[in-house]
C-alpha cells in the first residue's frame, strides 16, 4: 500500500499537476487501490472524478466508467487526453470511425479509461468486448441515478449490479454528490453483492455564497444579480420552457451573452447552446432542470434560480454546479408562494406511492424552511444533511447582511384567526386582503368584510403579510389543506400559538442593502488557490485570450487547456521559467509540454500595469 500511494502522489503531480489531494480523495483512492468496493458521497466540486481516474493509471487493466450523459463523456475524455491519458468513450454520439478506434484500443490493451452509458453496457457485444479487456474497476458516476432513473425511464441502471459478475469480479466504485440514508441504502442493495466501504464526506461548499430572496419582480431581481457578474459564466434555472426562452431573450437584450436550453428545443439548437456555454467564456445558459447533470465546467461563477427548486436536494445539486474550481461563486434563489403551490400540486398529482409523496413533502418543507431561515443559511442546510455547523458561515446573505428577529406571536395569531374564521379553505392573497381590510370582489362574495379579523392587520403591507404566511408555514404552524389548491390549514403547533400557549419568532425582511449584498461572492471564505484580486487584470485577459484561441483551434472547451484557477495563478506569481510553471496548480507534464512555452511567452511579453496585446478584444472579467 505505501508503494501504491507513493506512486499515486507522483501521478497526482506529474500527470494532473496537483500539489495535494482535496479533502476525502486520498482515503478513497487508498481503499480502491487496496481492492475494496467503495460507495463515496462527496459534494459537487470536491474532485470525485480523480477517485477513479488516478487508480485507473495505477491499476492493471481497464477502468470502465458508467456515465449518464454523452456530453459528460465527451468533455471528460477531452480533458483526460489533455493530460496525456489514453481515454475514450463508446456512445451513439461518436461517428463510426471514433467508436472503431476505441474498440481497437480496448482490444490492443492501450486504453486506460472507457466511458459508457448503462444502455451500452447492457449490450451483449459490449460485454464480450470487455471480458477480454481485463476490467479491474467499474466506476459508477452519479450513482443516485440508479434510484432516480432506474425505476423509471432508464431501467438499464438496475442491471449494473450484475456487471461485476459478467466482468470476472471487477471491484466497484460508486460516486454521488447527493444521497441521503435511504438513497445510500438502495444504491448499496442495487450495485453491491457485499457491503462496500462507505465514505460520506461533508456537504459544505464554503466557497459558495448562499442567498435567497422573496420574489417581487423576478426580471429586475435577476438583472441586478447578473450585473454584478458581467463577463462571468453562469446558469439561471427556470421552471418552464417558456420562461427559459423569455429570460434568455431578456438577458440578451440587456447586453449579456445568454442562450436558452430546454428539452423542447430542437436537438441541434440545444447542443449548440450547451457547446457555447462549455467552450466560451462569459456565457449564461438559461435552462430548465434538463440542463446540468454531468456538466463538468469548473469555472461557473454563479447559479441563480428564477423559481423555487424541486426539493432541498435538487437545490443543493443545482447550486453545486457553481465554483467547482474552488474559487468564490455566487448563488441566488427567488421564491414565492406560487412556486410552493406548484410544487405541492406536482407532488399530489403525481403517480408516486404515498410513502414517496410523504418524503417529497418533507423535502419541500425543508427547502421552504431554508428560504425563510432567520439565521445562517449554511447552518440550516448542513443541519438538514445531518452535518454539524457550529458557527455561522459568514458567506450567506443572512450572515453578511443580518436579519432582525422579533416576537411575531400577535401577527401569527391574526393570520391564524383569519384562517380559522374562513373555514381553512382560502390561500394567502385572499387572507391578506381580509387582514388589510380590502373590500375585494371575493371578500364581498363571501361576506368576509364582516369578520372580526377584517382590517386588523392594516399596519403591515401586503408583502410583509406574504412573508409572515411563508414563515408560519416554514416553522410548521400552517400546512396546505387537503384540497391542495393553495388553501391554508392550521397544524397542532399552530393551534397552540393561536390559543396563546406558545410564542413564535418571525424574521423581518432585510431593510439594509449594502454593497456586499449586491456584489459578487467574496474571496475570503475558504476559497482555493490564489486571491483573484491579486491577479494583473491585463495579463489575465491576455492569458484568457490565448486560451480561447488554443481551445478554438483544437475544438475543445477552454478549461481543457487550462482552468481559470491556473490562469489566475499565472497572473499572480508570473512564473519566469517552465520549471516554475510546472509547480502551478493544474499544470501536468503533458500540458506543460503542449502549452507551456506559449503561455510563458505571453507572461514575459506583458509589462505589469499595461494593456497586453489583445486585451482590448478580450476584456478582463471583473472579480476574477
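The values are calculated or read from the model by the stated rules, or taken from the named source; none is laboratory data. Note that the structure is predicted; figures quoted are calculated from it, not measured. Note that each Cβ is placed from the backbone with ideal geometry, even for glycine, and that neighbours are counted across all protein chains shown.
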Strands (runs of 3 or more DSSP E) contained in the range 126-226 and holding at least 2 residues more than 30 Å from residue 237 (Cβ to Cβ), touching a strand residue (DSSP E or B) at 6+ places or on another chain (Cβ under 8 Å) and in contact (Cβ under 8 Å) with a residue 40 or more places away in the chain: 135-140, 171-176, 197-200
Residue within the range 444-465 that is surrounded by 20 or more Cβ atoms within 10 Å (Cβ to Cβ), within 42 Å of the chain's Cα centre (by Cα) and assigned to a helix (DSSP H, G or I) present: yes
Neighbours by Cβ (under 8 Å, 6+ apart or cross-chain): first from the range 493-506, exposed (fewer than 14 other Cβ atoms within 10 Å of the Cβ); second at pLDDT below 95: 503/407; 505/374; 505/405; 505/406; 505/407; 505/408
Members of the range 350-364 found to be in contact (Cβ under 8 Å) with a residue 24 or more places away in the chain and either in the same structural domain as residue 475 (by TED's automatic domain parsing) or more than 13 Å from residue 314 (Cα to Cα) (or both), listed by number: 359
Condition broken by residue 94, with the remaining ones in (1) surrounded by 22 or more Cβ atoms within 10 Å (Cβ to Cβ); (2) over 17 Å from residue 58 (Cα atoms) satisfied: (1)
Conditions (1) assigned to a loop (DSSP other than H, G, I, E, B); (2) in contact (Cβ under 8 Å) with a residue 24 or more places away in the chain; (3) in contact with a helix residue (DSSP H, G or I) (Cβ under 6 Å, 6 or more places away or on another chain); number of the one not met by residue 392: (2)
Condition check for residue 356: assigned to a helix (DSSP H, G or I) and at pLDDT 85 or above: no
Residue within the range 323-334 that is within 24 Å of residue 73 (Cα to Cα), part of a loop (DSSP other than H, G, I, E, B), at pLDDT 90 or above and touching a strand residue (DSSP E or B) at 6+ places or on another chain (Cβ under 6 Å) present: yes
Unmet criterion (only one of (1) crowded, with 17+ Cβ neighbours inside 10 Å; (2) modelled with pLDDT of 90 or more) for residue 252: (1)
All positions within the range 27-41 that are closer than 25 Å to residue 207 by Cβ and touching a helix residue (DSSP H, G or I) at 6+ places or on another chain (Cβ under 8 Å): 28, 29, 40, 41
Those residues of the range 23-62 which are more than 22 Å from the chain's Cα centre (by Cα), surrounded by fewer than 23 Cβ atoms within 10 Å (Cβ to Cβ), assigned to a helix (DSSP H, G or I) and in contact (Cβ under 8 Å) with a residue 24 or more places away in the chain, in sequence order: 27, 30, 31, 33, 57, 58
Some residue of the range 412-424 being part of a loop (DSSP other than H, G, I, E, B), over 21 Å from residue 213 (Cα atoms), touching a strand residue (DSSP E or B) at 6+ places or on another chain (Cβ under 9 Å) and modelled with pLDDT under 95: yes
All positions within the range 90-105 that are in contact with a strand residue (DSSP E or B) (Cβ under 8 Å, 6 or more places away or on another chain) and either farther than 26 Å from residue 295 by Cα or not assigned by TED's automatic domain parsing to the domain that holds residue 70 (or both): 105
Restricting the range 547-586 to residues that are surrounded by 22 or more Cβ atoms within 10 Å (Cβ to Cβ) and over 26 Å from the mean Cα position of the chain (by Cα), the residue that is farthest from residue 278 (Cα to Cα): 581
